[in-house]
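Notes for the one structure printed next.
The values are calculated or read from the model by the stated rules, or taken from the named source; none is laboratory data. Predicted model, so just to flag it, every value in this text is computed and none were measured. Cβ: placed from backbone, ideal geometry, glycine included. Neighbour counts: every protein chain shown. The area values use the complete protein model at the heavy-atom level, side chains included, leaving out ligands, DNA and RNA. Shrake-Rupley method; radii C 1.70, N 1.55, O 1.52, S 1.80 Å.
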Amino acid sequence: MTETEHKPAFQALDRRQVLLGTGAAALVALGASGSPAHAAKEVPLEKLLADNGLPMLEYGKKDAKVTIVEYASLTCPACANFHNAIFPKFKEKYIDTGKVRFIVREFPFDQFSAAVSMLARCPGGDRVLPFMGVLFKTQDQWRVQYPVPKLMEIAKQAGITKEGFEKCLDHQDLLQKLIKQRDTAANDCGVRGTPTFFIYGKPMLGGYGMDNF
């Protein structure tokens, strides 16, 4: 599996940038070879899981012996590859058997990835992670120069109306929480690329195949 790292150019994103960011100007060239976890550093698990105001996105039992946190961007091809090709097997072997609690945290690099993260959280509750799964599976369809039409089509299939779509991208409080989550991960945990995995607070080095886990 090819590891992909985004070069972080952290902007002070605001609502206008996010709304404009779903257009062609925001589709940046992503994907430079590297190993994002190498920059990450070990942090206490309780600090890694500190409440940041966002509902926790998690699979598995809370009392599982092992807790894994993934920082991911929905626009990241390597993240999509992990969730599409590897995660189903990982889930069956470790999460469904009660051994692992797996937490997903968004790490948006730019206005486009922030906008897609906001859209993913639009359904709310137990529907967020399945919708994220759909977005990862269809990433090659909407990660294009003009992503809005395809994203609206996918959102409609998830029960999100045109008005709801626009409302999701106009959610300033959600945007600020996503930015805080990203900045905390970058500043306190050394996250520099996606996907980055922490196992009990320790960054996982190397590739992200089943053998590595």
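Hey, can you tell me all the residues within segment 154-164 that are out of contact with any Phe, Trp or Tyr (no Cβ under 6 Å at 6 or more places or on another chain) and either surrounded by 13 or more Cβ atoms within 10 Å (Cβ to Cβ) or of a type in the set (G, A, S) (or both)?
First, the residues of segment 154-164 that are out of contact with any Phe, Trp or Tyr (no Cβ under 6 Å at 6 or more places or on another chain): 154, 156-157, 159-164.
Result: I154, K156, G159, I160, G164.
Looking only at segment 191-210, count every residue that is at pLDDT 90 or above and on the phi > 0 side of the Ramachandran plot and tell me the total.
2
Filter segment 193-207 down to the residues that are part of a loop (DSSP other than H, G, I, E, B) and out of contact with any strand residue (DSSP E or B) (no Cβ under 7 Å at 6 or more places or on another chain), then identify the one that is least open to solvent (accessible area, probe 1.4 Å).
Taking segment 193-207 first, the residues part of a loop (DSSP other than H, G, I, E, B) are 193-195, 200-201, 204-207.
In the following step, the residues that additionally are out of contact with any strand residue (DSSP E or B) (no Cβ under 7 Å at 6 or more places or on another chain) were identified as 201, 205-207.
Numbers: G201: 0, L205: 103, G206: 24, G207: 22 Å².
Checking each candidate, the answer is G201.
On the basis of being out of contact with any strand residue (DSSP E or B) (no Cβ under 8 Å at 6 or more places or on another chain) and hydroxyl-bearing (S, T, Y), does T184 make the cut? Lay out the reasoning, then the answer.
Working: out of contact with any strand residue (DSSP E or B) (no Cβ under 8 Å at 6 or more places or on another chain): yes; hydroxyl-bearing (S, T, Y): yes.
So T184 passes the test.
Mind checking which pairs have a first residue in segment 172-186 that is in contact (Cβ under 8 Å) with a residue 60 or more places away in the chain and more than 10 Å from N52 (Cβ to Cβ) and a second that is among the small types (G, A, S) and buried (at least 18 other Cβ atoms within 10 Å of the Cβ), Cβ under 8 Å, 6 or more apart or different chains?
Once the first residue is in contact (Cβ under 8 Å) with a residue 60 or more places away in the chain and more than 10 Å from N52 (Cβ to Cβ) and sits in segment 172-186, its partners that are among the small types (G, A, S) and buried (at least 18 other Cβ atoms within 10 Å of the Cβ) give L175/A114; I179/A114.
So which residues in segment 116-138 are hydroxyl-bearing (S, T, Y) and open to solvent by 20 Å² or more (accessible area, probe 1.4 Å)? Break it down stepwise before answering.
Step one: list which residues in segment 116-138 are hydroxyl-bearing (S, T, Y), which gives 117, 138.
Across segment 116-138, the qualifying residue is only T138.
For segment 33-99, give me every one of the helices (runs of 4 or more DSSP H) that falls completely inside it and has 1 or more residues that are under 18 Å from the mean Cα position of the chain (by Cα) and surrounded by fewer than 17 Cβ atoms within 10 Å (Cβ to Cβ).
On the way: elements: 45-48, 77-81, 87-90.
Result: 87-90.
Output the number of residues of segment 100-115 satisfying the condition of being over 21 Å from C189 (Cβ atoms) and either open to solvent by 10 Å² or more (accessible area, probe 1.4 Å) or modelled with pLDDT of 95 or more (or both). Give the steps one after another, and end with the answer.
Looking only at segment 100-115, we keep the residues that are over 21 Å from C189 (Cβ atoms), and these are 111-112, 115.
Now restrict to residues that are either open to solvent by 10 Å² or more (accessible area, probe 1.4 Å) or modelled with pLDDT of 95 or more (or both): 111.
Matching residues across segment 100-115 total 1.
Cβ contacts < 8 Å: first residue modelled with pLDDT of 95 or more, restricted to segment 61-90; second residue buried (at least 22 other Cβ atoms within 10 Å of the Cβ) and of a type in the set (K, R), any location; separation 6+ or different chain. Result?
V69/R105; E70/R105; Y71/R105; A72/R105
Given the criterion assigned to a helix (DSSP H, G or I) and either of a type in the set (G, A, S) or within 24 Å of N84 (Cα to Cα) (or both), identify the matching residue among K167, K156, K180. Can you show your working first?
Working: K167 fails: either of a type in the set (G, A, S) or within 24 Å of N84 (Cα to Cα) (or both); K180 fails: either of a type in the set (G, A, S) or within 24 Å of N84 (Cα to Cα) (or both).
Of the residues listed, the single one that is assigned to a helix (DSSP H, G or I) and either of a type in the set (G, A, S) or within 24 Å of N84 (Cα to Cα) (or both) is K156.
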